[in-house]
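The values are calculated or read from the model by the stated rules, or taken from the named source; none is laboratory data. Because the structure is a prediction, the values reported are computed rather than measured. For neighbour counting, all protein chains shown are included, and Cβ atoms are generated from backbone atoms with ideal geometry for every residue, glycine included. Accessible surface is based on the protein model in full, side chains and every heavy atom, while ligands, DNA and RNA are left aside. Shrake-Rupley method; radii C 1.70, N 1.55, O 1.52, S 1.80 Å.
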Amino acid sequence: MTSEITRINPAQLHATPGYHHITVVEAGRTAFLAGQCPLDRSGELVGPGDLDAQIDQVAANAVAALNAVGARPDHVVRSVIYVVSDDVAVLGAAWRRLTESVVGPAFTTASTLLGVARLGFSGQLVEVDLTAGLPG
């Protein structure tokens, strides 16, 4: 069984910087990934104070998690991005780096970008939560 994924931007809604307002998944299995954090394989925080380094680690971790279930970034049907900042320029830069990363195609789907006060690990600046429609 394969999943068909359709991404839609209704004409009645505002233009987006690359994501779609609606993602529809027809049949198939779904994988819910835990929030991907900027931790290396040994569980150490990568890039303390360096948002770009943390984004790169999160992107690599997300691709590894997707690969573990036979999925690619373009199978992602929903994403939520958390960035420790209330600065719109920082949020925009984080969005651009993620969309240009190895996991970039994941963010063409229904996506939310949030500025938050704190994340779970001390020094953590970014986390990405993904849901994927798995191929058959």
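Structure data summary
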item	result
Counted residues, region 120-136 - those being in contact with a Gly (Cβ under 9 Å, 6 or more places away or on another chain), assigned to a loop (DSSP other than H, G, I, E, B) and buried (at least 18 other Cβ atoms within 10 Å of the Cβ)	1
Selection from region 33-57 of residues that are of a type in the set (A, V, I, L, M, F, W, C) and open to solvent by 60 Å² or more (accessible area, probe 1.4 Å)	A34
Sole exception among (1) open to solvent by 40 Å² or more (accessible area, probe 1.4 Å); (2) in contact (Cβ under 8 Å) with a residue 24 or more places away in the chain; (3) under 20 Å from F121 (Cβ atoms) for D87, by number	(3)
Extreme residue, surrounded by the fewest Cβ atoms within 10 Å (Cβ to Cβ), among residues of region 95-117 that are assigned to a helix (DSSP H, G or I) and of a type in the set (D, E, K, R)	R96
Among the candidates A15, A11, A64, residue that is out of contact with any strand residue (DSSP E or B) (no Cβ under 8 Å at 6 or more places or on another chain), of a type in the set (G, A, S), at pLDDT 95 or above and on the phi < 0 side of the Ramachandran plot	A64
Unmet requirement for G92, which otherwise passes all of (1) out of contact with any Ser or Thr (no Cβ under 7 Å at 6 or more places or on another chain); (2) closer than 22 Å to F32 by Cα; (3) of a type outside the set (D, E, K, R)	(2)
Subset of region 4-32 [surrounded by 10 or more Cβ atoms within 10 Å (Cβ to Cβ), aliphatic (A, V, I, L, M) and more than 15 Å from V77 (Cβ to Cβ)]	L13
L13 over 24 Å from A117 (Cβ atoms), out of contact with any Gly (no Cβ under 7 Å at 6 or more places or on another chain), in a loop (DSSP other than H, G, I, E, B) and of a type in the set (A, V, I, L, M)	yes
Enumeration of residues in region 79-94 that are part of a loop (DSSP other than H, G, I, E, B) and polar (S, T, N, Q)	S85
Residue in region 58-77 that is farther than 23 Å from P17 by Cβ, free of Cβ contacts under 8 Å to residues at least 60 places away in the same chain and open to solvent by less than 40 Å² (accessible area, probe 1.4 Å) present	yes
